[in-house]
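J.: Dumping the structure here so I can ask a few things about it.
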Amino acid sequence: MNSSSVESTKRVEGWLIDLYPSQPGEMTLWIKRKEGGCVRLVDRWNLKVYVAGRECDLKKLIPVLAASKSVAGYRFEQKYVRLQDPEKSTVLEVEVPDRRRLSRFARKILRIGGYAKYQLFNVDIPSAQLYLYEKELFPLARIEAQQTGERVKWELKNSVGDEDYDLPPFTALKLEVEVEGRGKLPSLRDPIGRIALKSGEETFVIDRGTEAEKLLGLVEHIRRLSCLSLFLLFAGEKSGRDIEGLPQSG
């Protein structure tokens, strides 16, 4: 992907078109700039889960959290646990840098409480979604971002309540894949015979080389178009199989 990273303390304005957790404790974000091209930002961020229960039982978890390799930090917070609660309750906010450790950590807490003392929240919500909630952002938001060291500061230029969004210019690509069928029905073992990538009236065809070379040719062609914001539309009825190895969206 042809892109650039933002220098420290430099501002960038555009649209938030993609985000995903990369390294533990990091969220990678792609911004489509007003003047064209995409910028990659990396924000130092840990997902937060909450543990509810009686305050005396929550305090018993402190030694467990302090010794856990899955936990980057914790503190007591006041939150509404249930919609019908008239007032906030004391809960534990726990920062977990690596989502891969989250399921095991959650099972450990529930097991310590005998599956009755503790309730856990945010465990099953995707990290990118939690990030958007916390930062009060949304997909395709018009933003101004400032990278300062390992942190990103956000300024929202529109509202999630807007009915008409100011969208970036997108280019739609239609991807068609045909296999070299060796039988009456397509098989997962059939090699790829032809790849066609259509944009408007133009069609880019890859029909030479090995299957690996065809896929690499597709990836390289998409990279050459990466100055645009792309939507890939898969015409799967001809393929009978999924395509793996495409570059990360953004």
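J.: With respect to LYS88, determine if the residue is loosely packed, with under 13 Cβ neighbours inside 10 Å and either farther than 18 Å from ALA128 by Cα or in contact with a strand residue (DSSP E or B) (Cβ under 8 Å, 6 or more places away or on another chain) (or both).
T.: Yes; evaluated as a whole, the condition is true for this residue.
J.: Restricting to region 183-203, and then to whatever is touching a Gly at 6+ places or on another chain (Cβ under 9 Å) and not in a strand (DSSP E or B), can you tell me which residue is farthest from ILE222 (Cα to Cα)? Break it down stepwise before answering.
T.: Residues of region 183-203 touching a Gly at 6+ places or on another chain (Cβ under 9 Å): 185-188, 190, 193, 195.
Now restrict to residues that are not in a strand (DSSP E or B): 185-188, 190.
Values: LEU185: 30, PRO186: 26, SER187: 26, LEU188: 24, ASP190: 24 Å.
Checked region 183-203; the qualifying residue farthest from ILE222 (Cα to Cα) is LEU185.
J.: Being in contact with an Asp or Glu (Cβ under 6 Å, 6 or more places away or on another chain), assigned to a loop (DSSP other than H, G, I, E, B) and of a type outside the set (Val, Ile, Thr), is that true of even one residue in region 136-155?
T.: No, because not a single residue in region 136-155 is in contact with an Asp or Glu (Cβ under 6 Å, 6 or more places away or on another chain), assigned to a loop (DSSP other than H, G, I, E, B) and of a type outside the set (Val, Ile, Thr).
J.: Do we find that TYR50 is touching a helix residue (DSSP H, G or I) at 6+ places or on another chain (Cβ under 9 Å) and assigned to a strand (DSSP E or B) in this structure?
T.: So TYR50 fails the test.
J.: Let me ask you something else. If GLY73 satisfies all but one of (1) within 30 Å of LEU197 (Cβ to Cβ); (2) surrounded by fewer than 16 Cβ atoms within 10 Å (Cβ to Cβ); (3) of a type outside the set (D, E, K, R), what's the number of the condition it fails?
T.: So GLY73 meets the others, but not (1).
J.: Here are some residues: GLU180, GLU134, GLU144. Which one is among the acidic types (Asp, Glu), touching a residue at least 24 places away in the same chain (Cβ under 8 Å) and in contact with a Gly (Cβ under 9 Å, 6 or more places away or on another chain)? Even if it seems obvious, please write down each step before you answer.
T.: On the way: GLU180 fails: touching a residue at least 24 places away in the same chain (Cβ under 8 Å); GLU134 fails: in contact with a Gly (Cβ under 9 Å, 6 or more places away or on another chain).
Only one candidate passes the filter, namely GLU144.
So that you can scan it fast, the table gives a plain yes or no per residue for (1) in the same structural domain as THR148 (by TED's automatic domain parsing); (2) outside any loop (DSSP other than H, G, I, E, B):
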{"residue": "LYS32", "(1), (2)": "yes, yes"}
{"residue": "ASP57", "(1), (2)": "no, yes"}
{"residue": "VAL64", "(1), (2)": "no, yes"}
{"residue": "LEU83", "(1), (2)": "no, no"}
{"residue": "PRO86", "(1), (2)": "no, no"}
{"residue": "ARG100", "(1), (2)": "no, yes"}
{"residue": "ILE109", "(1), (2)": "no, yes"}
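Every residue, every condition in (1) within 16 Å of GLY25 (Cα to Cα); (2) among the aliphatic types (A, V, I, L, M); (3) more than 17 Å from the chain's Cα centre (by Cα), yes or no:
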| site | (1), (2), (3) |
| --- | --- |
| GLN78 | no, no, yes |
| GLY113 | no, no, yes |
| GLN129 | yes, no, no |
| LEU137 | no, yes, no |
| LEU156 | no, yes, yes |
| GLY161 | no, no, yes |
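J.: Let me ask something additional. Out of the residues in region 135-181 that are among the acidic types (Asp, Glu) and surrounded by 12 or more Cβ atoms within 10 Å (Cβ to Cβ), state the one that is farthest from ARG99 (Cα to Cα).
T.: GLU178
J.: Which ones in region 157-177 are touching a Leu at 6+ places or on another chain (Cβ under 7 Å), outside any loop (DSSP other than H, G, I, E, B) and either more than 30 Å from VAL205 (Cβ to Cβ) or among the aliphatic types (A, V, I, L, M) (or both)?
T.: ALA172, LEU173, LEU175
J.: Quick check: is even one residue across region 228-246 under 30 Å from ALA128 (Cα atoms), modelled with pLDDT of 75 or more and surrounded by 12 or more Cβ atoms within 10 Å (Cβ to Cβ)?
T.: no
The values are calculated or read from the model by the stated rules, or taken from the named source; none is laboratory data. Since this is a predicted model, take the numbers as computed values, not measurements. Please note: Cβ atoms are built from the backbone with ideal geometry, for glycine as well, and neighbour counts cover all protein chains shown.
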